[in-house]
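A.B. asks: What follows is a structure written as structure tokens; I'll ask about it next.
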Amino acid sequence: MTELNPTTTIRILTTGGTIEKSYCEAEGTLKNRASIIRDGLIASLRLPYTRLELESLMNKDSLEMDDSDRAQIADAVARTAELGEPIVVLHGTDTMADTADYCFRRLGTPKVAVVFTGAMKPMGFIDSDARQNVIESLLAARLMPPGFYIAFHNRVFPVPGVRKNRDSGTFEACAVE
């Protein structure tokens, strides 16, 4: 009997956003600094069948991103997709759908599932949705067919066709323009 390889490698590309904000006591500020994902979240997960490879692309609030940042993300997605392993992109929620749409328009359907996620509250907050969204995005990356997606609050949305609903504080499907 042939044994299937039970271990999957998932590539995580970090870009900053609320999910990666941390509080600095000395400055009294909450802002993006060096990625806290590896030591804070990834180290605490029990994933015996998943190997995670992290790459920090930038550390920006998504409201500060422009198309040159989106091009850098799209280039990293294209390069990383060539490895044939699913990808999770950690991104700020304010412009996450814009970046996912940009990547779709520029790259078309990638060879692998590319799942964007973020958080409404920073990972270090007790009521943060970061852990939930990251765990769900990791599973979605393993299960979804090749394409771009946003995984958020126990839903997976295909891209294009998703937007942030600021009133409800989550993402929802929308008509493709």
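The values are calculated or read from the model by the stated rules, or taken from the named source; none is laboratory data. Only a predicted model underlies this, so the values are computations on that prediction, with no experimental measurement involved. Each accessible area value is taken on the protein alone, full model and side chains, heavy atoms only, with ligands, DNA and RNA left out. Shrake-Rupley method; radii C 1.70, N 1.55, O 1.52, S 1.80 Å.
A.B. asks: Residue by residue, what Karplus-based ³J(HN,Hα) values in Hz, rounded to whole numbers, does region 130-142 have, using 6.51, -1.76 and 1.60 with θ = phi - 60° and x for Gly and Pro?
C.D. replies: Computed from phi, the couplings for region 130-142 are 4, 4, 4, 5, 5, 4, 5, 5, 5, 5, 4, 4, 6 Hz.
A.B. asks: What does the extension gain come out to for SER56 and ALA175, with contour length at 0.36 nm per residue minus their alpha carbon separation?
C.D. replies: 39.7 nm
A.B. asks: At 1.4 Å probe size, with every protein chain present, just tell me what the per residue accessible area of region 97-159 comes to in Å².
C.D. replies: Ligands and nucleic acids excluded, the figure is 46 Å² per residue.
A.B. asks: What is the percent carbon and sulfur in the accessible area of region 68-177, measuring with a 1.4 Å probe over the protein chains and ignoring ligands?
C.D. replies: 53
A.B. asks: Then there's this: Under a 1.4 Å probe, what is the accessible area of region 44-93 per residue, stated in Å²?
C.D. replies: Result: 49 Å² per residue.
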